[in-house]
1. Got a sec? Which of Tyr286, Tyr207 is within 22 Å of Lys180 (Cα to Cα), in a helix (DSSP H, G or I) and modelled with pLDDT of 95 or more?
2. Residues that are surrounded by fewer than 14 Cβ atoms within 10 Å (Cβ to Cβ), among the charged types (D, E, K, R) and either closer than 23 Å to Gln47 by Cα or out of contact with any Asp or Glu (no Cβ under 7 Å at 6 or more places or on another chain) (or both): does the range 244-255 have at least one?
3. Name the residues in the range 150-188 that are in contact (Cβ under 8 Å) with a residue 60 or more places away in the chain and over 21 Å from the mean Cα position of the chain (by Cα), would you?
4. Give just the number: which of (1) under 18 Å from Leu194 (Cβ atoms); (2) touching a strand residue (DSSP E or B) at 6+ places or on another chain (Cβ under 8 Å) does Phe242 not satisfy?
5. Among the residues of the range 128-138, is any within 20 Å of the chain's Cα centre (by Cα), acidic (Asp, Glu), more than 30 Å from Glu245 (Cβ to Cβ) and not assigned by TED's automatic domain parsing to the domain that holds Ala247?
6. In this structure, does Leu38 turn out to be of a type in the set (A, V, I, L, M), buried (at least 20 other Cβ atoms within 10 Å of the Cβ) and either modelled with pLDDT of 95 or more or in a helix (DSSP H, G or I) (or both)?
7. Just to check your reading of the model, which residue among Ala76, Ala103, Ala95, Ala116 is under 14 Å from Gly256 (Cα atoms) and part of a helix (DSSP H, G or I)?
Amino acid sequence: MTPEQIALVTATVSTLRAHGVALTTHFYHRMFEHNPELKNVFNMGNQQTGKQQMALAMAVLAYAENIEDPSVLVQAVTKISHKHVSLDIRPEHYAIVGRHLIASIGEVLGEAVTPALLEAWTVAYGQLAALMSGLESGLYQKAVSQEGGWTGWRPFTVKQKVAESAEITSFYLYPADGGKVADFQPGQYVSVRLFLPELNLFQPRQYSLSSAPNGEHYRISVKKEAGSQHPDGMISNRLHDFVQEGAIIELAAPAGDFMLETTKQTPVVLVSGGVGQTPLLSMLDYLTRIGSPRQVVWVHGSRNPEVHAFGERVAQLAARYKNVQQHIFYNILPPDQERKDYYEGIVDLQKLNGVSLLPEADYYVCGPAPFIRKQVQDLAALGVPREAIHFEEFGPATLSVQASCFYSIV
């Protein structure tokens, strides 16, 4: 980009702050009107809730703010690239998105837009698309280069369906072709694609892998969204209500940059709320399965024992391995759960009397955005360095975009 083009893009920052969501809302409406086939690619639940429009507005703003040095956004761009690969996004999709985004800038901002400004944003978008396509090409190549790897959508058979709690059910997924499955890093996810008759669309959703890699199958553990009828919970509920053992579903290869650093020997603290425990279960399963000597602290919060999935399994691991300890929080502590490792209320690291502050530990946090904000705040207040805190937000990665400046999420 020329200095003049950079200046033009930078000059739109204040406008994007004020009207970014209006711009992205118009963009999605325009794109789906002209390219309705893309409704099969995008999460229409996030479209209805407005989460995707907000996430894109924040991403566009962040790019404009950092157009002179986009390297500060590497972490957020990497996370988005993993998500795109899990959705089978290809370079041709970037051309469609770019066409509608540039047109939307002209249509929403009206007379304030000059040909020079549109050209500057066209160049800026082209650079970003090239960057992301390059990253994604590398991820696709890595996926197919390993045994059992693939790209696109691959059919899997549901061989087991196991209720883990009143809300969470595990699905054991084996390749329908009888082949191997690719290994993955503990903490990663797969995309599941189902056809929704209610929408007459295919819809993808991401689910964390909840067990260690084994080369034979994947396990996802899914929470049912009780009473939810809008698309945000339709895939999860359809898995619970209609997908039975023997059914065929489609999966994309494992992806995601929230993963256990397996080369380290330092302690690990795993902090989760509700179904947010699933990627952390994969980490715990991996560490205990290989007999790792690393000290592991498991901190988990559930509303009550009935909805607490994998409680018995984690308790068994804590009893079997001296280097594993657990701390469980319930909103209201039942009388029969009055033990030293059980607590009443929401997850509060301050209640652990310093046990969570392990020297040189890495902290992995997963759950809904408010849960993550609280835990990151508490860890920062306890003096845990930024580079030791890793988190995964379920849904559009609004926190990840904001986290290009760490303390903006707290």
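1. Residue meeting the stated conditions: Tyr286.
2. Yes, that holds for at least one residue.
3. Residues satisfying the conditions are Pro155, Phe156, Thr157, Val158, Lys159, Gln160, Lys161, Glu164, Ser165, Ala166, Ala176.
4. (2)
5. Yes, that holds for at least one residue.
6. The answer is no for Leu38.
7. Among Ala76, Ala103, Ala95, Ala116, only Ala76 is under 14 Å from Gly256 (Cα atoms) and part of a helix (DSSP H, G or I).
Conditions tested, residue by residue: (1) on the phi < 0 side of the Ramachandran plot; (2) out of contact with any strand residue (DSSP E or B) (no Cβ under 9 Å at 6 or more places or on another chain); (3) part of a helix (DSSP H, G or I); (4) of a type outside the set (D, E, K, R).
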{"position": "Glu4", "(1), (2), (3), (4)": "yes, yes, yes, no"}
{"position": "Leu8", "(1), (2), (3), (4)": "yes, yes, yes, yes"}
{"position": "Ala22", "(1), (2), (3), (4)": "yes, yes, yes, yes"}
{"position": "Met31", "(1), (2), (3), (4)": "yes, yes, yes, yes"}
{"position": "Asn46", "(1), (2), (3), (4)": "yes, yes, yes, yes"}
{"position": "Val72", "(1), (2), (3), (4)": "yes, yes, yes, yes"}
{"position": "Lys83", "(1), (2), (3), (4)": "yes, no, yes, no"}
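The values are calculated or read from the model by the stated rules, or taken from the named source; none is laboratory data. Owing to the predicted nature of the structure, the values given are computational and were not obtained by experimental measurement. Heads up, the Cβs are rebuilt from the backbone with ideal geometry, glycines too, and the neighbour counts pull from every protein chain shown.
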